[in-house]
Every structure is written in C-alpha cells, then in structure tokens.
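Everything below concerns the one structure shown next.
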Amino acid sequence: MIIMEDLLEKLTLCIERGKVDAAAAFPSDMIGESGADELTKEAITQGFNAEEILNKALFKGMQTVGVRFRDNEIFVPEVLMAAKAMNTAMIHLVPFFKQGIINQKGTFVIGTAAGDMHDIGKSLVTMILEGGGWNIIDLGTNVSTQKFLETIAENPGCAVGISALLTTTMVNMQKTVKEIKDSYPDINVLVGGAPVTQTFCDAIGADFYSPEPHGALDFLNQSA
Ligand code: B12
C-alpha cells in the first residue's frame, strides 16, 4: 500500500512516462511497477475524488508531456504511451462523473475538427457533460463538416462541440462552424482545445468558448 501523499505523485509520473499498467513492458525501467491503471483504482479506494485525481495527477502529468514534446525531449511514440496511460486512468473515473444523473437535458454532438487526431480533451468534455445530464453523440476524431451536418440533421435541436489542438485544424474548425451556422443559425456551437481562444471563437462566429468542460456545461444548462 502506497501512502496517500505519494499516490498522486506516482500517478503523475505514470502519465509522464506512459506507464499504462503493471503488466506493461514500457518504460523498461518501470517493469513490474504499478501503472496508471492500478494507481487510479488505488486512489479511488483511498478516497481521492475523481476531480482531484484528474486535476492533481492526470492533467499535471499530461502538461509535463506537452512541454517535453514541445522541447523535443520526447517524441510521438512516448506521447502516445502517455495518452494511453491517461485514457486507461480515465476509464476508472467515468462512473464518478456519470453518477446518479439521468440524461434528459438535450443532445450534444461533439468531435475533433477535420484533420485532428487529438481526443483526450474531447473525451473529457464528453465525460463531464454526460455526467451533467446531457445525451452525448461522440463523433470521434477527424470529423468532416459533412458528418457534423448529417448528425445535426438527424438530431434536431442538438448543440454542437468542436475541439481542435492544432493551429492547422483551427482553420478546419472555422470552416465547419461557418457551414453549421449557415445551415442552422439557431444551433449553439461550442469550441475548445488548447490553441483556441475567446478572440478566435468570436472571429469564427461560434457561440461559446471555454478552456475547460465545466464552462461548457454551465453554458449548455443555461441555454437548455
Ligand atoms: C497527446 C498529444 C498528442 C497525441 C494525441 C493522442 C490522443 N489520443 O489524443 C499524438 C501523439 C497522437 C499527437 C500527435 C500530434 N501532435 Co500532439 N499533442 C499532444 C499533447 C502532448 C497533449 C494534448 C492533450 O491531450 N492535452 C490534455 C487535454 C486534457 O487538454 P486539451 O485537449 O487542451 O483539452 C482541454 C481544454 O482545451 C478543453 N477542451 C478541449 N476540447 C474542447 C472542446 C470544447 C467544445 C470545449 C468547450 C472545451 C474543450 O477541455 C479539456 C479539458 O480541460 C499536446 C501538448 C499540449 N500542451 O496540448 C500536443 C500538441 C497539441 N501536438 C502537437 C503536434 C504538432 C502534433 C503532431 C502534428 C505531431 C507530429 N509531428 O506528428 C501530431 C498531429 C496528429 C493529428 N493529425 O492530429 C502540437 C501542436 C502545435 C500547434 N500549435 O499546432 C502540441 C501543442 C505539442 C507542441 N507543444 O508542439 N499529439
């Protein structure tokens, strides 16, 4: 049993190093040690709440990964392992964000912009909104404008969320927002992702920007 103070720190390290679970052979210097899977379960058992685990360990680890990736200290394979560790940990948190809520507030269609394969942020938004009572249609990554338009047509009155993590795919986000607004001016379109800003949101005619999922939940609840 790991003492409580060390637990979140060890979990942060697992995200930074891409240590998925005890059976994982990567990274080689951590073979046999507990990974993100076991440590997240243990953190829950020890009474940490899901928000605490997310903010104090998972986000923290992923932030470090981002900095190291930017500085060319690590490369795509290591980032992919970190993402795998993060997704494995998040699976254990899903039930806490969903707890006791009936999905009846409305439908929220979400996907990452065309050309964009990043899905961790989008999945977090999905988790929080689903927990907040919204029925989610997750279109995944690299979602074309056409796919968004078809899904909106099938779900009249839905709200839409688009995530973009790359400056290049922000351009695609802009095109998608324009086409959605041209065809469905009354539908709320929310945008987010690390490079997206309020200024960009205003410039492309989206209805709402938030740097984190709870802002989106508040906005949707108010407009429901
Ligand atoms: C993990 C990661 C990857 C993984 C993705 C794995 C996966 N399954 O998602 C992999 C390795 C595949 C990858 C690939 C690439 N990546 Co990458 N990646 C990252 C990294 C390290 C972390 C992203 C992340 O998950 N963050 C954690 C989540 C929780 O944060 P988030 O997505 O911002 O989401 C939060 C908010 O923004 C908000 N939010 C997000 N979406 C939405 C939507 C709505 C509607 C709302 C309201 C809110 C909201 O809520 C979330 C929770 O708070 C970032 C670095 C960074 N600092 O962002 C680089 C980064 C985004 N990647 C980058 C690059 C360059 C690439 C590649 C081009 C690299 C390459 N040479 O191939 C490719 C592109 C692939 C593609 N076509 O998409 C650059 C982008 C630079 C730029 N300005 O465009 C970054 C910034 C790294 C860097 N510093 O250089 N990447």
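Observations, loosely collected:
- Residue match in the range 157-177 (condition: more than 27 Å from residue 70 (Cβ to Cβ) and near the ligand (Cβ under 10 Å from one of its atoms)): yes
- Screening residue 16 against (1) modelled with pLDDT of 95 or more; (2) surrounded by fewer than 18 Cβ atoms within 10 Å (Cβ to Cβ); (3) in a helix (DSSP H, G or I) leaves a single unmet condition, (2).
- Qualifying position, being in contact with a Ser or Thr (Cβ under 6 Å, 6 or more places away or on another chain) and surrounded by 16 or more Cβ atoms within 10 Å (Cβ to Cβ), among 60, 84: 60
- Boolean, residue 107 is surrounded by fewer than 19 Cβ atoms within 10 Å (Cβ to Cβ), modelled with pLDDT of 90 or more and hydroxyl-bearing (Ser, Thr, Tyr): yes
- Of all residues in the range 59-77, those satisfying the criterion of being within 8 Å of the ligand (Cβ to nearest atom) and aliphatic (A, V, I, L, M) are 62, 65, 67, 76.
- Scanning the range 19-65 for residues that are free of Cβ contacts under 8 Å to residues at least 24 places away in the same chain and in a helix (DSSP H, G or I) turns up 28, 29, 30, 38, 45, 51, 55, 59, 63.
- Single residue of 223, 183 found to be of a type outside the set (A, V, I, L, M, F, W, C) and touching a strand residue (DSSP E or B) at 6+ places or on another chain (Cβ under 8 Å): 223
- Test: residue in the range 87-104 that is within 11 Å of the ligand (Cβ to nearest atom) and surrounded by fewer than 20 Cβ atoms within 10 Å (Cβ to Cβ): yes
- Test for residue 131: is it more than 9 Å from the ligand (Cβ to nearest atom) and in contact with a Cys (Cβ under 8 Å, 6 or more places away or on another chain): no
- Any chance residue 176 is more than 24 Å from residue 53 (Cα to Cα), modelled with pLDDT of 95 or more, over 19 Å from the mean Cα position of the chain (by Cα) and surrounded by 21 or more Cβ atoms within 10 Å (Cβ to Cβ): yes
The values are calculated or read from the model by the stated rules, or taken from the named source; none is laboratory data. These numbers come from a predicted model, not from an experiment. Neighbour counts run over all protein chains shown; Cβ positions are idealised from the backbone, glycine included.
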